[in-house]
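The values are calculated or read from the model by the stated rules, or taken from the named source; none is laboratory data. Keep in mind it's a predicted model, so treat the numbers as computed, not measured. When we count neighbours, we look across all protein chains shown, and the Cβ atoms used for this are built from the backbone with ideal geometry, even at glycine. The accessibility values were calculated without ligands, DNA or RNA, using every heavy atom of the protein model including side chains. Shrake-Rupley method; radii C 1.70, N 1.55, O 1.52, S 1.80 Å.
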Amino acid sequence: MCLYVFLLIAAVLSCGLTPLVRSVARRVGAVDQPGGRKIHAVPTPRLGGVSVVVSGVLTILSVWGLEQVTSGVVQGDLGVWKPVFLGGAIVFLLGVWDDMRPLPAGVKFALQGVAAGVAIWGGILVEHVSLLGGSRIDLGVLALPLTFVWIIGITNAFNLVDGLDGLATGLAIIAAGSIATLFVLRGDAQDTLLLLILLGALLGFLPYNFNPASIFLGDSGSLVIGYVLSVTAITGSQKGATTLAVVTPLLVFGLPIVDTLLSMVRRFVGSLRRLEARKTTLQEQIGRAKRMFEADQRHIHHRLLALGFSHRNAVLVLYALALGLAALALLLVLAHFRNAGIILLAIGLATYIGLRKLGYEEIALFRPVTLLRWYELFTLNRAFFLGFIDMMLITAAYGGAFVLKYELPWGPELKAWYLGSFPLVLVVQLASLYALGLYHGVWRAAEISDLIRVVGSVLPAVALSYIVTLVSLAPVDTRRFFLLDVLLLSALMVGIRSTYRVLDYLQQRDNLAGAAALIYGAGRGGQLVLRELLQNPRFRLRPIGFLDDDPRLQGRRVNGIPIRGAVADLSAIIKAQSVSYLIVASRSINGDHLHQALSVCQERHIPVVRAHLKLDPIILKPKRAKSLPPAARSDAATSPWQRTVAKQYGKESRTG
């Protein structure tokens with residue numbers, strides 16, 4: 001039986017159970033009240049993890065039942081999951097208890113330690129690691145403490161990132177899907193099945209948890225998710241003849257790990273800055289050191305909100321970052337970790353610069369005084385981020401073109417050419433894009449002309465990389481391969497540079513509020529008025545449509561806003577749409593049409609305003625004569641510009 005059937009079963013069960021759990025949570029009082037550090041504005045039920053866990057358990061029972069009947073649902077013994085189930089049950093009960101009645105941090109940590117000990121007692125250990133897919137390194141006596149730290153760390157990491165609607169759930173979906181894909185590539189059906197069941201349960205729960213959330217995941221969900229993912233990553237990575245490189249799960253869990261480590265570092269640094277060793281007792285010093293484990297509002301998602309991101313857009317940005325890291329992890333595995341050094345270095349630099357941009361000054365204590373300072377002094381932050389994104393896009397386009405052009409099985413010569421030419425292509429295309437001025441634009445204001453320039457820069461960049469790779473004597477004709485690379489890279493770069501505008505557009509539509517306004521004129525003037533109303537909520541006007549007398553435009557849309565009719569239809573439009581304002585968008589609208597519109601609005605007491613672009617000159621007032629030397633006064637009197645200013649200044653004086 002296909003394993004993905006159980007993903008669907010878990011998703012359906014979770015989707016059906018969540019409304020019931022939400023109702024029960026309200027009745028038992030497991031409701032998260034707004035206020036304090038909380039971002040949400042209305043009381044919201046917790047215990048969302050109950051629906052995720054229960055749906056997962058029911059799906060696992062169906063797997064066990066079918067295995068007993070058919071003896072062939074999954075390969076292997078389901079009994080090896082017992083340590084995961086037992087430890088997960090401990091963490092789940094801990095989470096439910098904490099959702100009902102908050103527990104002290106010490107009690108929570110102790111019970112998490114018990115759950116980690118259960119997994120270790122059941123034989124789940126990180127006994128050997130591989131840094132970058134090379135030879136295995138046996139950990140020996142370090143296996144037990146490293147396993148303990150890994151399980152506790154990942155368990156709490158997903159609990160810490162559960163600060164925005166749908167954030168922890170979405171990151172867990174990305175992590176579970178990525179690790180399941182890696183296990184499929186390794187042929188590990190048993191651990192893949194457990195992750196697919198978790199993935200299905202989370203997918204069924206996400207619609208209720210995404211912004212605006214009607215139920216929170218709670219500790220009963222976030223702790224269990226972190227525990228299952230951490231333990232499953234260990235069991236799957238230790239199987240087989242080759243050990244999964246340690247960098248792979250670190251990238252997959254990159255965002256929760258970075259947020260957790262950052263929280264500990266900044267709280268510890270903050271405690272040190274407040275610590276006056278000569279004036280405090282040992283007990284006070286210990287109490288201040290404990291502050292590194294206290295909750296606050298300085299997580300990465302909080303910083304995005306402080307920068308002006310909406311709740312939903314902040315979550316989507318973090319989704320995109322997690323997907324990018326997961327894609328890099330999969331790429332490294334498929335490429336057998338070739339060129340991993342430059343990719344990891346780029347990720348490290350991007351992470352550092354990004355955290356500094358978010359305002360985390362605490363990490364400046366760990367700043368190297370050479371390379372990273374050079375990046376900051378020369379203000380390459382924005383260009384570096386765009387270059388890092390383009391590096392991932394070039395990699396994806398090059399790999400996608402290879403997969404689309406050459407059918408399986410790939411010969412050893414073809415694979416060797418691809419892996420050998422990739423670093424050269426990456427450097428040449430990035431350098432070409434930079435030389436062509438692609439990083440001089442402001443992409444948050446990208447227009448069609450900017451996107452055309454992107455395509456115009458991609459063409460010569462790929463062409464140059466094709467010419468450079470001719471020296472490597474490819475075993476096959478690569479002209480069509482590079483043509484596919486042009487198409488894929490152009491599509492990816494245009495798409496990623498359009499993302500900001502799309503998110504900004506969606507945010508503007510989400511924030512529409514105020515009195516309903518009808519715009520008279522759907523031409524360029526009307527489009528300018530529409531954009532101004534969308535981008536400036538201070539007007540407190542909500543555009544609901546256009547009024548235009550051109551019969552060819554009737555029934556169409558302009559920037560998503562419908563043209564509701566002509567001036568003859570104004571009475572019916574006002575009645576149907578409850579119009580509160582009429583905005584005349586062009587000076588060319590006059591005569592009988594304007595008079596008719598004014599008459600209709602006057603009868604219904606609807607204000608009519610005219611919008612227009614006005615350029616007001618800024619006049620430099622001349623200095624007093626006594627402050628100028630005689631020569632300067634005579635020069636000023638003979639200057640046409642000064643005479644114009646004096647004339648204007650005289651008018652202002654008389655009218656003032």
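List of remarks:
- Potential lengthening between Arg587 and Leu553 on full extension [0.36 nm per residue; Cα-Cα distance subtracted]: 10.3 nm
- Cα→Cβ-extended label distance, 7 Å offset, between Arg610 and Leu86, nm: 8.4
- Charge tally for Pro102 (other residues, Cβ to Cβ under 11 Å; Lys, Arg +1; Asp, Glu -1): -1.
- Based on Cα contacts under 8 Å between residues 6+ apart, segment 510-588 shows a relative contact order of 39 percent.
- Spin-label pair Ser449-Leu594: with each label point 7 Å from Cα along the Cα-Cβ axis, the two points sit 3.1 nm from one another.
- Cut-off 13 Å between beta-carbons: net charge of the residues surrounding Phe158, Lys and Arg +1, Asp and Glu -1: -3
- Relative contact order (%) - criterion: Cα under 8 Å, at least six apart; region: segment 88-187: 18
- Per residue, the accessible area of segment 157-237 comes to 19 Å², computed with a 1.4 Å probe over protein heavy atoms only.
- Estimated FRET transfer efficiency when R0 is 22 angstrom, pair Tyr406-Leu473 (beta carbons, to 0.05): 0.85
- Sites Val141 and Lys415, calculated FRET efficiency, Cβ-Cβ separation with R0 35 Å, nearest 0.05: 0.30
- Neighbour net charge for Gln112 - beta-carbon separation under 12 angstrom, K R +1, D E -1: -1
- Gain on full extension, evaluated as 0.36 nm per residue between Val28 and Val246 minus their Cα-Cα distance, stands at 74.2 nm.
- Extension gain (nm, one decimal) between Arg524 and Leu261, 0.36 nm per residue minus Cα-Cα: 89.6 nm
- Extending 7 Å from Cα along the Cβ direction at Leu424 and again at Val317 yields two label points whose distance is 4.0 nm.
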